[in-house]
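The structure appears below as structure tokens.
The values are calculated or read from the model by the stated rules, or taken from the named source; none is laboratory data. Because the structure is a prediction, the values reported are computed rather than measured. All Cβ positions, even for glycine, are placed from backbone atoms using ideal geometry, and neighbour counts span all protein chains on display. Keep in mind that these areas ignore ligands, DNA and RNA; they rest on the heavy atoms of the full protein, side chains included. Shrake-Rupley method; radii C 1.70, N 1.55, O 1.52, S 1.80 Å.
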Amino acid sequence: MNYPYRDQFASALVTWFEREQRDLPWRKTKDPYKIWVSEVMLQQTRVDTVIPYYERFMKSFPTVQALADADEEVVLKHWEGLGYYSRARNLQSAVREVHETYGGIVPNTREEMSTLKGVGPYTAGAVLSIAYGVPEHAVDGNVMRVLSRVLNCEEDIAKPKIKPIFEKAVMFLIDHNNPSYFNQGLMELGALVCTKGKPHCLLCPVQAYCLAYQEGKPEDLPVKTKKVKNKPLHYAVVVHRDGDKVYVEQRPSTGLLSNMWQFPMYDNFIGEPIMQFKHVFSHLTWHIKAYYVTTPPQSEGGSFKTLQEIEQLPMPVPMLKILDFIKIEMENL
DNA sequence: AATCCGTGGAT
DNA sequence: TATCCAAGGAT
């Protein structure tokens, strides 16, 4: 590293974070378990979205033991609407591992943490630094963007080989007196000041130490290529009704929306749809036509349940839309 | 290395 | 409307 502002950068960043940090629920604690839960929820998910989920989750599962003892279905219900549902299953699996193998104490080394399901390089570093004060890197999307500017890196940060470079950079820059505030400061700076569109350089505490700013083109960074093609899929979702009960089934334990509940999905169906809409995922789009029938389902494995029972089951957002519709429909019977 | 895995807000 | 993408990880 030939970056000349190491100590000044770290000092200015930590001082700024002490003064400007947002008041967030998970910043009221140093409980490693609670920090861990927050970090998993925050993966690829916005702060404002996470807050109510985090509050509700902590009321129901305030400790490692509480989450370890919970039913998976109840945990998934708490995750409903957050997306990436494998996070919830992996988190509970890992928490059970901590409960059984580590006596309920979240391990404080990267080696041990990294063995836990759903804990990757970022989450391990975040928990270690924030909860335990261990000087470990926690490089997320914010940090990639901030460092690409501070270090004036013109490489394509979408390339997998770049991230380890920034992890080494953090280990070089990190404030050993306050790894927690250094890492959080880096992320907070990316969220509030060093934003992706037009960064607010006039408000930046490390403007004087930013190589891209010195070059006069911080808004041209980072360079990031990517193209994800979204594949359209057409489905018929059929609501089989028998009296006051409706047929629901659980999705497989692997793949898209694993273990979530749904109304049966078919490639095609004859009749007049009660509603139709599209639901966009990261890499595919469901084009849904929903149908209402009083005939038995073709599929097996599910069962007829009342709406009150169905409301207790974790369902993905597109199924919740259909559920809302038939709730109104069946109230009028 | 490239894909898969959700959702909703911002532009 | 289309695109990006937000405190990533698993395969």
Note on residue A:113: of the conditions (1) surrounded by fewer than 19 Cβ atoms within 10 Å (Cβ to Cβ); (2) at pLDDT 95 or above; (3) more than 22 Å from residue A:204 (Cβ to Cβ), unmet is (1)
Note: among A:74, A:64, just one is away from DNA strand C (no atom under 15 Å from the Cβ) and open to solvent by 60 Å² or more (accessible area, probe 1.4 Å), namely A:74
The one condition residue A:49 fails out of (1) of a type in the set (Ser, Thr, Tyr); (2) within 15 Å of the chain's Cα centre (by Cα); (3) surrounded by 17 or more Cβ atoms within 10 Å (Cβ to Cβ) is (3)
Restricting segment A:271-313 to residues that are in contact (Cβ under 8 Å) with a residue 60 or more places away in the chain and of a type in the set (A, V, I, L, M), the one nearest to DNA strand C (Cβ to nearest atom) turns out to be A:313
Within segment A:109-143, the residues that are in contact (Cβ under 8 Å) with a residue 60 or more places away in the chain, more than 16 Å from DNA strand B (Cβ to nearest atom) and not hydrophobic (A, V, I, L, M, F, W, C) are A:132
Segment A:242-333: strands (runs of 3 or more DSSP E) wholly inside it with 2 or more residues that are closer than 29 Å to residue A:90 by Cβ and either within 12 Å of DNA strand B (Cβ to nearest atom) or in the same structural domain as residue A:73 (by TED's automatic domain parsing) (or both) are A:275-280, A:284-293
Restricted to segment A:185-234 and to residues being away from DNA strand B (no atom under 14 Å from the Cβ), open to solvent by 40 Å² or more (accessible area, probe 1.4 Å) and in contact with a strand residue (DSSP E or B) (Cβ under 9 Å, 6 or more places away or on another chain), the residue modelled with the highest pLDDT is A:234
